[in-house]
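Worksheet for the structure shown next.
Read-outs: derived from the displayed coordinates by stated rules, not from any lab. Predicted model only: the values in this text are computed from it and were never measured. Every residue, glycine among them, receives a Cβ derived from its backbone with ideal geometry; neighbour counts consider all protein chains shown.
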Amino acid sequence: MSQRKKIKALLESTETNVEITVKGWVRSFRNNQFIALNDGSTNNTLQVVVDFENTDAALLKRITTGAAISATGLLVESMGKGQRVELKAKEIEILGDCDPESYPLQLKNRPSLEFLREIAHLRFRTNTFGAIFRVRNSLSFAIHQFFQERGFVYLHTPIITASDAEGAGETFHVTNFDLANPPKTDTGEIDFSEDFFARPTNLTVSGQLEGELGAMALSDIYTFGPTFRAENSNTTRHLAEFWMIEPEMAFYDLNDNMDLAEALLKYVIKYALDKNADDLAFLSQRLAEEEKQKPQQDRSEMSLIEKLEFCLNNDFERLTYTEAINILKESTPNKKKKFQYLVEGWGTDLQSEHERYLVEKHFKKPVILTDYPKAIKAFYMRQNEPDANGNETVRAMDILFPGIGEIVGGSQREERLDRLEKRMDEMGIPKEELWWYLDTRRFGACPHAGFGLGFERLVLFVTGMGNIRDVIPFPRFPKNAEF
Ligand code: 4AD
Ligand code: MG
């Protein structure tokens, strides 16, 4: 019995004239003789040569694009162009037929990404999505490896919570009630004391608050899990369900925090470049073809691989929000009123057009903005002393990436109980519900910091794809929860 071999390993091995078995899905079948077989271990296919004269015609007819087959035979050096080895099949077994009339993935007509989103259950079988999901896998492994090498503890924070960590009010409710007929109190309000958790609950928007609790004993922790936001943003950068990596470190200040985030991003990008060279070369080529469709001035000066390498080889630019506002105010698009939102004064939030100007036009590299106005950031960020103009800022940092905008959001945390409580009061955050969070400021509080890296935005950057819905297997967004 020959054992099944994966195609990636076969194409890399130097062994020939051995009998092997491969299993996979037919990508194409040419001249009743040459099968291009793919098993998902690589985008490359193994050529399986069928001895058609000695093969039953009925079986030949069943070798169609998409069919699952098993092939056993001799691995030999290939005479054909483009491959080193091929399999001379002795035996072919059809494991699963695939009706060519109804199979939606025929290679002849290259399907659009939009169409493939509608058949997300099958899109793994295309080269593009095979490459994307192998890269996604590597990035997620590299993230764990980075933190594990540094002694961080992987902490599983809850998915169901009673808090809204970001205070943005964009949560999905979790309830066991019969929605048509929920129990009511005497005053006619919904009586949550009757609900499963005896209180209103929601899917987490961030594991940070619980992560901070872990860091106050374990020193360095990270989370890596799904988070949920009911923001009604139909953009190429937002999902309703996305994965986030949230490290939290005791005794770190904002500079330590930025150093860690920059090191993490470089480490995982390097890992993917090393581990997924073939897939990234394919995606780089795909992007280059897509760029050709664009007008000259909109085309990127660098290929995908060059962009990734550029990111590794350059320090991220670090500057304050206030410095960024001054650059934007003086910028050509602002003066010529080309921005949709003109930058006039200090204090407003940056729009993605402003972030992209800073990253893509002004600095031409990743940028870390720090010390944002207190009024536009979350309650837990450490407050700076007001500056000479009386402007109030917090120790926040956002990392902005070319083509992506914000990829990381983080801060040093407010560890001073009095300041934190005052800020919660000002922002209407219920202190009594977060008693446990405030306890860490009562019992051995210390300076600490952390950040959140949006995993899909990272995958988007590394794969060079344009829409976040294409880098997660089954995207969740407004009006869509198919699959
Ligand atoms: O900036 P955000 O909202 O920060 C937090 O949630 C903090 N609690 C993180 C922390 O300090 N521990 O989100 C962090 C990152 C963003 O920079 C972005 O990359 C990603 O999460 N993100 C989204 N990604 C996809 N879809 C969405 N709707 C996202 N919202 C945020
Ligand atoms: Mg943010």
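Just to confirm my filter: which strands (runs of 3 or more DSSP E) fall fully inside the stretch 1-114 and include at least 3 residues that are in contact (Cβ under 8 Å) with a residue 40 or more places away in the chain and small (G, A, S)? Can you show your working first?
Values: elements: 18-30, 34-38, 46-49, 68-77, 85-96.
Passing ranges, in order: 68-77.
Name the residue, out of M424, M397, M381, that is more than 29 Å from K307 (Cα to Cα), among the aliphatic types (A, V, I, L, M) and within 14 Å of ligand 2 (Cβ to nearest atom). Talk me through it step by step, then tell me what you get.
Working: M424 fails: within 14 Å of ligand 2 (Cβ to nearest atom); M397 fails: more than 29 Å from K307 (Cα to Cα).
On inspection, the qualifying residue turns out to be M381.
Is one or more of the residues making up the stretch 208-215 buried (at least 19 other Cβ atoms within 10 Å of the Cβ) and under 12 Å from R229 (Cα atoms)?
Going through the stretch 208-215, the residues buried (at least 19 other Cβ atoms within 10 Å of the Cβ) turn out to be 208-212, 214-215.
Subset that is under 12 Å from R229 (Cα atoms): none.
No - not one qualifying residue is present in the stretch 208-215.
In this structure, does A261 turn out to be assigned to a helix (DSSP H, G or I), crowded, with 17+ Cβ neighbours inside 10 Å and small (G, A, S)?
Details: assigned to a helix (DSSP H, G or I): yes; crowded, with 17+ Cβ neighbours inside 10 Å: yes; small (G, A, S): yes.
Against the criterion (assigned to a helix (DSSP H, G or I), crowded, with 17+ Cβ neighbours inside 10 Å and small (G, A, S)), A261 qualifies.
Can you confirm whether the stretch 447-465 contains a residue that is among the small types (G, A, S), surrounded by fewer than 21 Cβ atoms within 10 Å (Cβ to Cβ) and under 27 Å from N232 (Cβ atoms)? If you could, list the steps in order and put the result at the bottom.
Within the stretch 447-465, the first condition is being among the small types (G, A, S), and the residues that meet it are 449-450, 452, 454, 464.
From the residues that got through so far, the ones that are surrounded by fewer than 21 Cβ atoms within 10 Å (Cβ to Cβ) too are none.
Checking the stretch 447-465: not a single residue is among the small types (G, A, S), surrounded by fewer than 21 Cβ atoms within 10 Å (Cβ to Cβ) and under 27 Å from N232 (Cβ atoms).
Determine the pairs where a residue that is under 27 Å from L458 (Cβ atoms), located within the stretch 395-423, has a partner that is of a type in the set (S, T, Y) with Cβ atoms under 6 Å apart, the partner being 6 or more residues away or on another chain.
Sorted first by the residue in the stretch 395-423, then by its partner, the pairs are R395/S411; A396/Y372; A396/S411; M397/T370; G405/S352; R413/Y380.
Condition first: outside any loop (DSSP other than H, G, I, E, B) and either surrounded by 15 or more Cβ atoms within 10 Å (Cβ to Cβ) or among the small types (G, A, S) (or both). Now tell me which residues in the stretch 363-385 satisfy that.
Pass one, the stretch 363-385, residues outside any loop (DSSP other than H, G, I, E, B): 363, 367-376, 381, 383.
Of everything in the stretch 363-385, those that are outside any loop (DSSP other than H, G, I, E, B) and either surrounded by 15 or more Cβ atoms within 10 Å (Cβ to Cβ) or among the small types (G, A, S) (or both) turn out to be F363, V367, I368, L369, T370, D371, Y372, P373, K374, A375, M381, Q383.
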